[in-house]
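Written out below as structure tokens is the structure these notes cover.
The values are calculated or read from the model by the stated rules, or taken from the named source; none is laboratory data. Note that the coordinates shown come from a computational prediction; the quantities given were computed from them, not determined experimentally. Cβ placement follows ideal geometry from the backbone for every residue including glycine, while neighbour counts extend to all protein chains displayed.
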């Protein structure tokens, strides 16, 4: 198998992934991809878009919604299936688990001085929580034919190989 890694993937962030490719004898090249972060040369109609955690995915869905949506539409128009691989960790194993996710930004506190007194301020009390993110992900899944796969960071390389190698069952 030969895998293309998008050039916008930072080398430091993918060290473990590349190490897994090397361990399994997977050849890879870096090149700019039309969409996503990983693609097999054997199947140009399937790409993986890697997210480091639910925070990043949430940012794409909420703050960068138009850019994210446009990428999904471009992929659909070209007949490309996108699998979003989210490296959140052991507590989020499926899209259903997202429903119970508590966004840390909702409880993150910062101290500021008001009239000479220190007061606590919640950084982003209106940040989206798991229930709303879950609904958004389900809409994206259904509207744009996107699959969401979750894993621990230490198994990302194996998951990429599994998905692009044809042993992935959506």
query: Which of the residues that make up region 80-107 are touching a strand residue (DSSP E or B) at 6+ places or on another chain (Cβ under 6 Å) and without any contact (Cβ under 8 Å) to a residue 60 or more places away in the chain?
result: 80, 92, 93, 95
statement: Residue hits (region 52-66; free of Cβ contacts under 8 Å to residues at least 60 places away in the same chain and touching a helix residue (DSSP H, G or I) at 6+ places or on another chain (Cβ under 7 Å)) are 60
message: Yes or no: region 55-63 includes at least one residue that is out of contact with any strand residue (DSSP E or B) (no Cβ under 9 Å at 6 or more places or on another chain), surrounded by fewer than 12 Cβ atoms within 10 Å (Cβ to Cβ) and either farther than 14 Å from residue 145 by Cα or modelled with pLDDT under 95 (or both).
response: yes
query: Among the listed residues 27, 19, 32, which satisfies the condition of being farther than 13 Å from residue 157 by Cα, more than 17 Å from the chain's Cα centre (by Cα) and touching a residue at least 12 places away in the same chain (Cβ under 8 Å)?
result: 32
query: Just for strands (runs of 3 or more DSSP E) wholly inside region 67-170: which have at least 1 residues that are closer than 26 Å to residue 25 by Cβ and either touching a helix residue (DSSP H, G or I) at 6+ places or on another chain (Cβ under 7 Å) or at pLDDT below 95 (or both)?
result: 81-86, 147-150
